[in-house]
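A short worksheet on the structure shown next.
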Amino acid sequence: MLMLEKRPQPSKTWTLAAPILAVILTMICGGLLFAALGKAPLETIRTIFLDPLFSEFAWFYRPQLLIKGAPLALIAIGLSFGFRAGIWNIGAEGQYIVGAICGAAVGLAVYPTESIFIFPLMVIAGVLGGMLWALIPGILKVKFDTNEILVSLMLVYVAEQLLASMALSTLRNPEGMGFPGSRNLAKYDSASSWISENAGMHWGVVAAFIAVIFAYVTLSRHQFGFNVRLAGQSPRAARFAGVNPKLLVLVCMGISGGLAGAAGLFEVAGPAGQISIDFNVGYGFTAIIVAFLGRLHPIGILLAAGLMALTYIGGEIAQSNLGLPGAAIQLMQGMLLFFLLMVDVLTNYRVRFGKGATT
Amino acid sequence: MTMKTILAGATLAASLSTTAFADDPTKVGFIYVGPVGDGGWTYEHNQGRLAVEEEFGEAVETVFVESVPEGADAERVMQQMALGGADLIFTTSFGYMDPTINVAEKFPDVMFEHATGYKQADNVSVYSARFYEGRAVQGHIAGQMTESNVIGYIGSFPIPEVIRGINAAYIQAKAVNPDVEFKIVWAYTWFDPAKEAEAASVLIEQGADVILQHTDSTAPQAAAQAAGNVVTFGQASDMAEFGPFPRVSSIIDNWGPYYIARTQAVIDGTWESTNTWDGIGAGMVGIGEISDAVPADVKASAEALRDSLASGEYHAFTGPLNKQDGSAWLADGETADDGTLAGMSFYVEGLTGDIPQ
Amino acid sequence: MDLSAINPILLLASLMVAATPIILAAVGELIVERAGVLNLGVEGMMITGAVCGFIVAVNTGSPFLGFIGAAIGGAVLSLLFGFLTQFLLANQVATGLALTLFGLGLSALMGQNYIGIKAPEFPDWHIPLLGDIPVIGPIVFQHDPMVYVGLAIVVAVWAFLKFSRAGLVLRAVGENHEAAHALGYHVVRVRMLAIMFGGACAGLGGAYLSLVRVPQWTEGMTAGAGWIALAIVVFASWKPMRLLLGAYLFGGVTVLQLNLQAAGMAIPVEYLSMSPYLATIAVLVIMRSGRAPGSLGQSFHASR
């Protein structure tokens, strides 16, 4: 029998070693999968995990890692506060959409005026949009004790319908030959979030790094960070320590929604360029996984976002260079997540085998 | 900008390395919006890619990436293909329009072909198929097959492409059956089997005994088969497995000939930026075998219509035609110009209901 | 506009068919959640069931064996989720999302050689006598057997939760796993069984799409049905009979809006499509009694 024994403290060694173990396990199982599909396993694994970083064209892929990873990191940082405090916002996808719609709407409303105030206004609108969308489950939880997991999830579907409506009518490009989708904001100087397209730098990347630093400082040095951690570990103790649980819910939901909304705005004004029916590509859900992979720690989240971005980009290279089916990449990503979640147990528990393991 | 210079240098190096070795195969890339196993839009583009491989053998190497979201991801995949030495890249979804233009600007030596869009550049061609010609043939058959005089039409999104198809089908159906009525539902999806099945059931329940679909799954075919006496047409693929009844014919996306021709042009060095809009004549739109469930005289006249559309003798939008509001559109014998067709956002006279928004 | 074209009998009849895949997936998830586990991987299990069922049915020529294969496929995939969340105490939300990703990839690879093939026939079941009753007959008694299997499972789940001892144990585990453990119940075992039941039901729901509704295999063919099933469980306040109501309401809104469109009425489709989700939120707020199971989504470890 497999027995788990809780460690008094999370193991420092395994905190670092577990993710590496998971990646190695993924490479082994992935290699077997690729071999079964008739591809050279080692070459495929090298293509996925190393080529984006060290190949001939790494100068192109490295900035792309920033573009792909930034929204994941930004959203996951926001989510991590709530997750630490036991507040489960899983509707970041919806907040991301609403943030993008609100921000883009500001930009599109003033088109084609050029002014340095436009982009900051869009950012504010995006943050507020995401924040308000996240506060709906927050307020309902505080007022009516509804389950925030479920309400925030429902609001994702509502946001998706809203997005379709916006792309087809309200925000549709009047010069778009009747096709759905808004004007391209990336081509509108005052509204573009690009700093340098070739370097992969846009304001969303900057914001992600700022968020990581901010979260790190807050969680380790600030009273709020302490309250969040306390509320997650022991809600009763938190109440004795004077933490207002209702306020905490609202603040955590607000932060996560605001950052998700910002991520949506930066994306729509830069890499994506326009509001379209399929604008959202699942960053909000992937970010939940990223937050857990990063163990809700800011640096961990940064690395996890990078790793996810790596498998996306490496997977595309493997598809086009080696003819690997897209489904195989998806399967390997699923495997990677499973292994990462699996080895996580080693950090908090000692694993023992055999009957004698019971105490 | 320094990055741009580096980039230009790298492209130069890449293109040099491909031209330096004469026996190096020409590399053709394809970017798909769905999985190749979707049995519809992407599946048919991939059939086109396989036709290119078949045609050129060792002389051409093809690569593809599937399920690429429109936007930043598409742009990255295109660049990555260009860096990987692709000489010609087909971007097969409308939403890839802006990314294609952006990437093409950075790689002047790589040729791009964007499907269904309207933005061209020196190294970006656009191509699309005159599916409405196929719709005209369907309308012709449908108008004569219906007994209830109600024809159901499952639209995907209210965009010019779909509206054009509805109009083309209606004009022919009306010509052979003045009492015909079209019931149109918008599914707001290109592919969602459950929803498409529901849309088909709804139309059948409301009396339609012919279903035309502009969505890609076979669910409407199955719904028609269950109903027993409802005629359908295959969409994107032949859907022959539902023949000879309910599926009596089909519109087949046939990209192979175009992909082969464009690849040949790159090999020969004769590639130029073009705007292609081909129909039945060029083989880009295929009309699937009309089954024996269709009476022989109808089949014959449908084939005659198909052939006259193919030869260019007849245009699917030939006057006299009025718009839905009764205002004149085309005078007697006048045919629609491509500009109007490309941006079509109105119904022709006789169709009921409004196009959403 | 011609509303008389809408035939309410046929509308209700087709609603019963349309709701079936979602009812199947949702009733499985309902048991999982009543046991205190939140499995967000319904979509992944559904599509895996869809492809497993299709492969088995095509190779054996029997849709019934196909459905059995689908149930097994879904259950096996759910074991992965169960092992991670119950034995290794991985977070359920993250594991469920990973399961969806994994299932979509796995199904696409498995189904590569099955594209463009039609599933074997699965005839409707015209129940003698009952099927001939005017009005009610065509609505209720003239469908394929899986429609009734789905309803039977819902009734069985209702009876199981309400009357059986095992159902009581399951609810106890879901409400408060610490207390259930203290009473000597095997929390993990109960939850593993619930998870497998959920996987099997999701598999059946997926196979209903690939074997009856479409009936073909195409990648990504569930197109979000699994997520709707999750919503319906919440709408139903974790009560089996309300689940039927929820599934008919969700399906009904879609069918109704298509009906109104076909009748020539201009309606704002997107806003109508949002309404079931907004209704679900309203239900959550209004029905205080419909509280989520107490231990929903929490890991259980019998610490000593």
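The values are calculated or read from the model by the stated rules, or taken from the named source; none is laboratory data. Being a predicted model, the structure only gives us computed values, none of them experimental. Here Cβ is always computed from backbone atoms with ideal geometry, including for glycine, and neighbour counts include all displayed protein chains. What goes into the accessible areas is simple: the full protein's heavy atoms, side chains included, and nothing from ligands, DNA or RNA. Shrake-Rupley method; radii C 1.70, N 1.55, O 1.52, S 1.80 Å.
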(request) Sum up the charges of everything whose Cβ sits under 10 Å from the Cβ of B:Asp38, counting Lys and Arg as +1 and Asp and Glu as -1, but leave B:Asp38 out. (result) -4
(message) At a probe of 1.4 Å, how much accessible area disappears from chains A and C on forming the pair, both sides counted, to the nearest 100 Å²?
(response) 4000
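Summing Lys, Arg as +1 and Asp, Glu as -1, what charge do residues with Cβ under 12 Å from the Cβ of B:Phe131 carry, B:Phe131 excluded?
Overall, the nearby charge balance is -2.
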(request) Using a 10 Å cut-off on Cβ atoms, rank the peptides B:333-340, A:311-318 from the highest mean neighbour count down. (result) A:311-318, B:333-340
(message) Below 25 Å, Cα to Cα, which lysines can B:Lys183 reach? Residues fewer than 8 away in the same chain don't count.
(response) B:Lys174, B:Lys195, B:Lys299, B:Lys323
(request) Restrict the search to segment B:240-300; then list the GluC sites (Glu not before Pro) that DSSP places in a loop and that have at most 10 other Cβ atoms within 10 Å of their Cβ. (result) B:Glu272
(message) Give me the net charge for the shell around C:Gln92: Cβ to Cβ below 11 angstrom, other residues only, Lys and Arg +1, Asp and Glu -1.
(response) 0
(message) Only protein chains counted, 1.4 angstrom probe. Which residues of segment B:25-42 are at least 50 Å² less accessible in the assembly than when their chain is isolated?
(response) B:Gly37
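Quote the charge dipole size of segment B:234-292 about the Cα centre in Debye, to the nearest 20; the model charges only the Cβ of Lys and Arg (+1) and of Asp and Glu (-1).
80
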(message) Give the lysines whose C-alpha is closer than 25 Å to that of A:Lys187, dropping any in the same chain fewer than 8 places away, or say none.
(response) A:Lys68, B:Lys4, B:Lys106, B:Lys119
(request) For C:Lys162, go through the lysines and keep the ones whose alpha-carbon is under 27 Å away, minus same-chain ones fewer than eight residues off. (result) C:Lys239
(message) If you take the accessible area of C alone plus B alone and subtract the pair, what total do you get in square angstrom, rounded to 100, with a 1.4 Å probe?
(response) 2600
(message) Placing one identical point scatterer on every Cα of the protein assembly as shown and ignoring solvent, what is log10 I(q)/I(0) from the Debye formula at q = 0.04 Å⁻¹?
(response) -0.19
(message) Using only Cα atoms and rounding to the nearest 10 degrees, what angle (0 to 90) does helix C:63-82 make with the longest principal axis of chain C?
(response) 30
(request) Over chain C, give the accessible area per residue in Å² for a 1.4 Å probe, as an integer. (result) 35
(message) Let's test this: bin the Cα-Cα distances of chain A at 10 Å from zero up to the farthest pair and state each bin's percent.
(response) 6, 22, 29, 26, 13, 3, 1, 0
(request) Give me the distance between the Cα centres of segment B:262-334 and segment A:68-128, rounded to whole Å. (result) 46
(message) Given points 7 Å out from each Cα along the Cα-Cβ axis, report the A:Ile20 to B:Ala304 separation in nanometres with one decimal.
(response) 8.0
(message) I'd like to compare A:230-241, A:253-264, A:36-47: which one has the highest average count of other Cβ atoms within 10 Å, and what's the full order after that?
(response) A:253-264, A:36-47, A:230-241
(request) Would you give the gap between the C-alpha center of segment A:203-253 and the C-alpha center of segment C:11-58, rounded to a whole Å? (result) 38
(request) Using only atoms on other chains, find how many Cβ atoms lie within 10 Å of each Cβ of peptide A:139-150 and report the average. (result) 4
(request) Count, for each residue of C:110-118, the Cβ atoms from other chains sitting within 10 Å of its Cβ, then give me the mean as a whole number. (result) 4
(request) Sort B:179-190, A:82-93 for me by packing, meaning the mean count of neighbouring Cβ atoms within 10 Å per residue, highest on top. (result) A:82-93, B:179-190
(message) Using a Förster radius of 45 Å, what is the FRET efficiency between C:Asp132 and C:Ile286 based on their Cβ-Cβ separation? Nearest 0.05, please.
(response) 0.60
(message) Quick check on the protein assembly as shown: of the DSSP beta bridges with both residues there, what percent are antiparallel, nearest 5%?
(response) 30
(message) Of A:Trp203, A:Gly78, A:Gly273, which is farthest towards the positive pole of segment A:68-304's charge dipole, taken about the Cα centre with +1 and -1 on the beta-carbons of Lys, Arg and Asp, Glu respectively?
(response) A:Gly78
(message) If you fit an axis through the alpha-carbon atoms of helix C:165-175 and take the longest principal axis of the Cα set of chain C, what angle between them do you get, 0 to 90°, nearest 10?
(response) 80
(message) For segment C:236-265 and segment C:212-232, what is the centre-to-centre distance using only Cα atoms, to the nearest Å?
(response) 16
(request) Please identify the helices of chain A, taking whole runs of DSSP H, that span at least 27 Å along their own axis as judged from the Cα atoms and have a mean Kyte-Doolittle score of 1.6 or higher. (result) A:12-36, A:118-144
(request) Partner chain Cβ atoms within 10 Å, averaged over the residues of A:156-163 - can you pull that number for me? (result) 6
(message) Tell me the angle of helix B:41-56 to the major Cα principal axis of chain B, expressed in degrees between 0 and 90 and rounded to the nearest ten.
(response) 50
(request) Over the protein assembly as shown, with every protein chain in place, what whole percent of the accessible area is carbon and sulfur at 1.4 Å, could you tell me? (result) 62
